[in-house]
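S.K.: There's a structure below that I have some questions on.
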Amino acid sequence: MNKLVIEGGIKLNGEVKVSGFKNAALPIISASLLAADKCVIENIPMIKDVYILKEIMESMGADVQLSNDGVMTIDTKNVENCITPYELAKQLRGSYYLAGAALGRFHKGEVTYPGGCDIGTRPIDQHIKGFESLGAEVKINHGIINCKAKELKGSKIYLDLVSVGATINIMLASVLAEGQTIIENAAKEPHIVDTANFLNSMGANIRGAGTDVIRINGVEKLHGCTYSVIPDQIEAGTYMMAAVATGGDVVVSNVIPKHLEAVIAKLREMGAEITEYDNSVRVNASKELKSINVKTLPYPGFPTDLQQPIAVLLSITKGTSIITESVFEGRFKYVDELKRMGANIKVDGRTAVIKGIDKLSGAKITATDLRAGAAFVIAGLIADGITEIDNVEHIDRGYQSMETKMKNLGAKITRI
Ligand code: UD1
């Protein structure tokens, strides 16, 4: 078990470069399964979720190479079926994309029910509804999602709620189906567009990704391609919030500012100064901050994945702030740990009322999930004294070299 030990009270300064987006890399790596060919994927983040997915693909017979600079070469021509090992697949949410990709290419697959962060019930009924609508038979037995289809036929699928995972999984399953598939009430996140762009580079015919209606015209075959994953807007937002929380001055580079609109708007509302450049943003927080209200929403709303980091920031912001979590019902589990640091937060259902205090105090705390872990690093940076964070494996799942990047900004942070 690794721990992070942080000495608080230092303003972050300097430049931090954002890595490739985990939530785009996972479906894109899985999508490579759709062509019996070689794909070269650049800007892959060096994180645990990627390493596990690589192992899963290898266990299925794919040849996967990952260079130190984040270039992954995947050759899936020797893969004949898709059966994911339980011990690996249960560790990450993104493993469910192999179900859509396997169904698309082999018309069958046995994929372990996905794991990932414990932030609510996280059903996959919309994924299954989509697969069934394309003509597949889907059964869940003993924790395995078993999909098979004689043939896949394009269909019109209305999602009952906006789901990133279901939108992408249905795209994966339908690119090789006969005829046209239409996904209505689709999610619009940048990684939906990135996955669609990757599939189109492989020869797919997908239109409308990024809007709430996606049209997929089935093609007979896909081929390999070279592609570069978009930057991680959640990692970028985490560093922006760390900069604001510490009253620092940080340039967050390798970002697409458009993807950060909601975050930039909220930080500006608090009084932070943010300058947008073509591929970077500068965050300066020398003035006193104001309390705000935040509601998490599907893109382009404020991302649920940044709800925990902004809660930490609001915990030391004068006044009362209200956070409404409208995406995952169980995403306030981290609050008890923050209270150990002195935070004044009351949770009622999907709402958290935060009364800003002057300072958090360093404590021993446990990362309850990936984004909570990142939020606790910010808490440690602004707390009085020493904070020790346990279970940092959660952070390693989704943040490339977080402590090195923080150290380069001046943070006193050590892994033990
Ligand atoms: C993905 C991201 C996660 C992010 C989330 C929302 C990955 C690996 N994970 O998770 O980081 O927080 O999007 O931006 O990319 N739902 C159903 N039925 C379904 C599918 C979803 O009820 O079949 C519900 C979920 O429980 C949740 C909401 O819909 O309340 C949104 O979930 P979804 O967008 O699917 O999130 P994930 O794909 O799990």
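S.K.: Would you mind checking Lys48/Lys355; Lys295/Lys318; Lys22/Lys258; Lys148/Lys295; Lys188/Lys359 for any pair whose Cα atoms are more than 29 angstrom apart? Don't skip to the answer; put the middle values down first.
M.R.: Numbers: Lys48/Lys355 35 Å; Lys295/Lys318 19 Å; Lys22/Lys258 18 Å; Lys148/Lys295 39 Å; Lys188/Lys359 38 Å.
As for pairs spanning more than 29 Å Cα to Cα, those are Lys48/Lys355; Lys148/Lys295; Lys188/Lys359.
S.K.: Please give the residues of the range 396-410, grouped as numeric ranges, whose backbone N is less than 16 Å from a label point set 7 Å along the Cα-to-Cβ vector of Asn2.
M.R.: From the range 396-410, the list is 396-408.
S.K.: So, by mean Cβ neighbours within 10 angstrom, what's the order for 55-65, 189-199, 372-382 with the highest one leading?
M.R.: Ranked by mean Cβ neighbours within 10 Å, highest first: 372-382, 189-199, 55-65.
S.K.: Among the aspartates and glutamates, which have Cα under 12 Å from the Cα of Lys290 when same-chain residues fewer than 8 positions away are ignored?
M.R.: The reachable aspartates and glutamates, counting only those whose Cα sits under 12 Å from Lys290, are Glu269.
S.K.: Tell me, in nm to one decimal, what length is gained between Val219 and Asp348 on full extension, where the rule is 0.36 nm per residue of separation less the Cα-Cα distance?
M.R.: Difference between extended and current length: 41.6 nm.
S.K.: With viscosity set to 1.567 mPa s at 4 °C, what whole-number translational diffusion coefficient in µm²/s follows for the range 1-144 from Stokes-Einstein and a Kirkwood radius over Cα pairs?
M.R.: My calculation gives 78 µm²/s for D.
S.K.: Let me ask something additional. Size of the dipole of the chain about the Cα centre, Lys and Arg at +1 and Asp and Glu at -1 on the beta carbon, nothing else charged, in debye to 20?
M.R.: 620 debye
S.K.: So, one more: Hey, if you drop one equal point scatterer on each alpha-carbon of the range 116-163 and run the Debye formula without solvent, what base-10 log of I(q)/I(0) do you get at q = 0.14 Å⁻¹?
M.R.: With one equal scatterer per Cα and no solvent, log10 I(q)/I(0) is -0.42.
S.K.: Quick one: compute the contact order of the chain, relative version, from alpha carbon pairs under 8 angstrom and 6+ residues apart, as a percent.
M.R.: This gives 21 percent for the chain.
S.K.: Which value, in debye to the nearest 20, describes the size of the charge dipole of the range 22-228 about its Cα centre when Lys and Arg Cβ atoms bear +1, Asp and Glu Cβ atoms bear -1, and nothing else is charged? The partial results should precede the final answer.
M.R.: On the way: 20 positive and 23 negative charges, 67 e Å.
With Lys and Arg at +1 and Asp and Glu at -1, about 320 debye.
S.K.: Provide the packing ranking of 295-302, 363-370, i.e. peptides ordered by the mean count of other C-beta atoms within 10 Å per residue, highest first.
M.R.: 363-370, 295-302
S.K.: Within straight cross-link reach of Lys153, meaning Cα distance under 15 Å, which aspartates and glutamates are found once same-chain residues fewer than 8 apart are removed?
M.R.: Glu132, Glu137, Glu178, Glu220
S.K.: Using +1 at the Cβ of each Lys and Arg and -1 at the Cβ of each Asp and Glu in the chain, identify which of His259, Ile274, Gly208 lies farthest towards the dipole's positive end.
M.R.: Checking the options against the dipole of the chain, the answer is Ile274.
S.K.: Let me ask something else. Over the range 22-228, what per residue volume does the convex hull of the Cα atoms give, in whole Å³?
M.R.: It is 99 Å³ per residue.
S.K.: In cubic angstrom, how much convex hull volume per residue do the alpha carbon atoms of the range 331-382 span?
M.R.: 68 Å³
S.K.: Separate question: Using only the alpha-carbon atoms, how far is helix 22-31 inclined from the longest principal axis of the chain? Give it as 0 to 90 degrees, nearest 10.
M.R.: 10 degrees
S.K.: What's the carbon and sulfur percent of the range 22-228's accessible surface, probe 1.4 angstrom, rounded to a whole number? Could the numbers behind the result be given before it?
M.R.: Values: 3630 of 7990 Å².
Carbon-and-sulfur percentage of accessible area, whole number: 45.
S.K.: How large are Rg and Dmax for the range 237-293 when calculated on the C-alpha trace, in angstrom?
M.R.: 10.3, 29
S.K.: Now for a different question. If packing is taken as the average number of other Cβ atoms within 10 Å across a peptide's residues, how do 318-324, 23-29 rank, most packed first?
M.R.: 23-29, 318-324
S.K.: Charges on Cβ only, +1 for Lys and Arg, -1 for Asp and Glu, centred on the Cα centroid of the chain; of Ala62, Asn284, Gly373, which one is farthest towards the dipole's positive end?
M.R.: Comparing the listed Cα positions along the dipole, Asn284 ranks first.
S.K.: Below 8 Å between Cα atoms, with a sequence gap of 6+, how large is the relative contact order for the range 22-228 in percent?
M.R.: Working: 493 pairs, mean separation 43.4, N = 207.
Normalised by residue count, the contact order of the range 22-228 is 21 percent.
S.K.: Still on this structure, please answer the following. What is the angle, in °, between the Cα long axis of helix 370-382 and the longest principal axis of the Cα atoms in the chain? Nearest 10 is fine, range 0 to 90.
M.R.: Compared with the principal axis, the helix lies near 20 degrees.
S.K.: For the chain, place one equal point scatterer on every Cα, skip the solvent, and apply the Debye formula. What is log10 of I(q)/I(0) at q = 0.06, 0.09, 0.12 Å⁻¹?
M.R.: For the chain at q = 0.06, 0.09, 0.12 Å⁻¹, log10 I(q)/I(0) is -0.24, -0.53, -0.93.
S.K.: If you average 1/r over every pair of different alpha-carbon atoms in the range 300-416 and take one over that average, what Kirkwood value in Å do you get?
M.R.: Numbers: mean 1/r = 0.0696 Å⁻¹.
By the Kirkwood definition, the hydrodynamic radius is 14.4 Å.
The values are calculated or read from the model by the stated rules, or taken from the named source; none is laboratory data. Since this is a predicted model, take the numbers as computed values, not measurements. We place every Cβ from the backbone using ideal geometry, glycine too, and count neighbours over all the protein chains shown. These accessible areas exclude ligands, DNA and RNA; they are computed on the full protein's heavy atoms, side chains included. Shrake-Rupley method; radii C 1.70, N 1.55, O 1.52, S 1.80 Å.
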